Every structure is written in C-alpha cells, then in structure tokens.
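The values are calculated or read from the model by the stated rules, or taken from the named source; none is laboratory data. Note that this is a predicted model, so its numbers are computed, not measured. Ideal geometry is used to build each Cβ from the backbone, glycine not excepted, and the neighbour counts take in all protein chains shown. Side chains are part of the model used for accessible areas, which takes the heavy atoms of the whole protein and leaves out ligands, DNA and RNA. Shrake-Rupley method; radii C 1.70, N 1.55, O 1.52, S 1.80 Å.
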Amino acid sequence: EPEVTQTPSHQVTQMGQEVILRCVPISNHLYFYWYRQILGQKVEFLVSFYNNEISEKSEIFDDQFSVERPDGSNFTLKIRSTKLEDSAMYFCASSENLDVANSPLHFGNGTRLTVT
Amino acid sequence: LAKTTQPISMDSYEGQEVNITCSHNNIATNDYITWYQQFPSQGPRFIIQGYKTKVTNEVASLFIPADRKSSTLSLPRVSLSDTAVYYCLVINQAGTALIFGKGTTLSVSS
C-alpha cells in the first residue's frame with residue numbers, strides 16, 4: 001500500500017535556526033497537509049495545500065512558517081526561526097480526490113522536531 | 001462543522017468487543033462521520049467513515065442511527081495492539097482540514 005513518507009524522522013536544531021521538514025505524499029493525491037502534535041497534546045492542524053497554493057491555514061501557521069511543493073513529488077514545511085515551543089511531532093498528510101466519501105487523509109509517521 | 005464529544009478513556013480486556021460512542025448533535029446534512037486511530041509516535045490512521053446506518057470493513061464497524069446525532073465505533077475482539085487513541089471527526093468537504101479533538105484513549109489489557 002502506498003505511504004506518505006517523511007524525512008528526517010528526528011531533527012534537532014538550535015533556537016533561531018531554520019528547519020525544513022520534508023514529505024513525499026502519495027503520488028496521485030491532490031491535497032496536502034501539515035499537522036503538529038506537541039508531546040501529550042492533541043493533533044493540531046497547520047495548513048492545507050491544493051493546486052500549488054494554500055487552501056486553509058490555522059492561527060498557528062504564522063509568518064515563520066511556509067510550505068512549498070518544489071517539484072512533482074516533495075512537499076515541504078519550513079520554519080524560519082525556530083522557537084522552543086516549536087518542539088513537536090510534525091505530520092504530513094495527503095488525500096486523493098474531491099469526493100468527501102472517498103478521500104481519507106493518509107498520514108506519514110512524522111518528524112520529531114526538538115528545538116534546544 | 002459539528003462539534004464531537006467522546007469519552008476521554010476506556011479500558012478493555014483482550015477478546016472483548018469495544019464500542020466507542022461519539023456525539024455530534026449539530027451534524028449537518030452533508031456531513032460524514034469519520035474515525036481515525038493513532039498509536040504512540042505515529043500519525044493518525046483512517047479506520048472507517050460513514051454517512052448513515054452501518055458500515056463495516058476488515059477493522060471495525062460503524063453504527064449511525066437514523067438521526068445521525070451520534071455514532072458508535074465497534075471493534076470486535078480487541079487485542080493488546082488495539083491500544084491507541086481513537087478520534088471521531090465530522091467532515092463535509094474533500095480537502096477540508098480535519099480538526100482533531102482529544103479522542104478516546106483505549107487501553108487493552110491481557
């Protein structure tokens with residue numbers, strides 16, 4: 001079964017540094033998402049992306065965040081200047097089509113970001 | 001989107017059937033009910049989705065009464081590996097962001 005793959009699995013960075021989290025969605029999927037989950041808390045929506053532009057974003061997704069689909073396969077999340085509170089597991093997800101009855105989200109296994 | 005309410009936690013033993021009920025009193029005509037499962041340190045995984053009556057797949061069954069104000073996820077004969085957080089969500093449009101609540105933490109013991 002096709003999977004959403006994320007790299008790296010664990011990223012450690014210093015406060016103020018830029019990080020790029022990478023995702024390869026399932027190849028025929030049209031919608032792409034980033035979520036995050038701070039340890040012990042719920043899964044939080046960050047942003048959705050469709051047709052090469054942001055569809056929705058949450059209040060968490062402020063100016064320090066950006067997303068890009070640089071080629072036909074990768075989907076990236078950039079955090080410009082990391083803060084301690086950005087430490088979390090970041091999940092990428094993708095979904096296939098425009099039919100709500102047949103478009104579950106497929107999540108990757110996440111990148112654990114640790115900001116020191 | 002309709003708000004969902006589900007128990008924070010449930011305990012069960014191996015081999016038992018587990019039913020997790022979710023309330024969505026304000027569900028709209030176009031809304032579907034969808035359930036996800038999350039194991040520790042993994043992303044959520046889609047389990048099942050339905051609109052009305054009953055849906056069954058190889059993993060679970062989903063029961064939705066006629067008024068659709070609630071739904072019940074049924075896991076037959078759970079095993080230790082079913083220990084996870086289960087999320088009930090409502091969605092009405094493909095591509096719309098799923099907003100996760102706290103879910104139900106199911107603990108299965110031997």
Failed condition for A:Gln6, given (1) part of a strand (DSSP E or B); (2) within 13 Å of another protein chain (Cβ to nearest Cβ); (3) touching a residue at least 24 places away in the same chain (Cβ under 8 Å); (4) open to solvent by 30 Å² or more (accessible area, probe 1.4 Å): (4)
Answer from A:Arg22, A:Arg36 - the residue that is surrounded by fewer than 20 Cβ atoms within 10 Å (Cβ to Cβ) and either modelled with pLDDT of 95 or more or acidic (Asp, Glu) (or both): A:Arg22
Filter result (in a loop (DSSP other than H, G, I, E, B) and either within 11 Å of chain A (Cβ to nearest Cβ) or surrounded by 16 or more Cβ atoms within 10 Å (Cβ to Cβ) (or both)) within the range B:89-110: B:Asn92, B:Gln93, B:Ala94, B:Gly95, B:Thr96, B:Ala97, B:Leu98, B:Ile99, B:Phe100, B:Gly101, B:Lys102, B:Gly103
Filter pass, B:Arg45 being free of Cβ contacts under 8 Å to residues at least 40 places away in the same chain and either farther than 29 Å from A:Arg112 by Cα or within 13 Å of chain A (Cβ to nearest Cβ) (or both): yes
Wholly enclosed strands (runs of 3 or more DSSP E) of the range A:54-116 bearing at least 3 residues within 14 Å of chain B (Cβ to nearest Cβ) and closer than 24 Å to B:Cys88 by Cα: A:88-95
Residue match in the range B:52-64 (condition: closer than 19 Å to B:Phe100 by Cβ, in a loop (DSSP other than H, G, I, E, B) and without any contact (Cβ under 8 Å) to a residue 12 or more places away in the chain): no
Extreme residue, most open to solvent (accessible area, probe 1.4 Å), among residues of the range B:65-88 that are hydrophobic (A, V, I, L, M, F, W, C) and closer than 14 Å to B:Ile47 by Cα: B:Val85
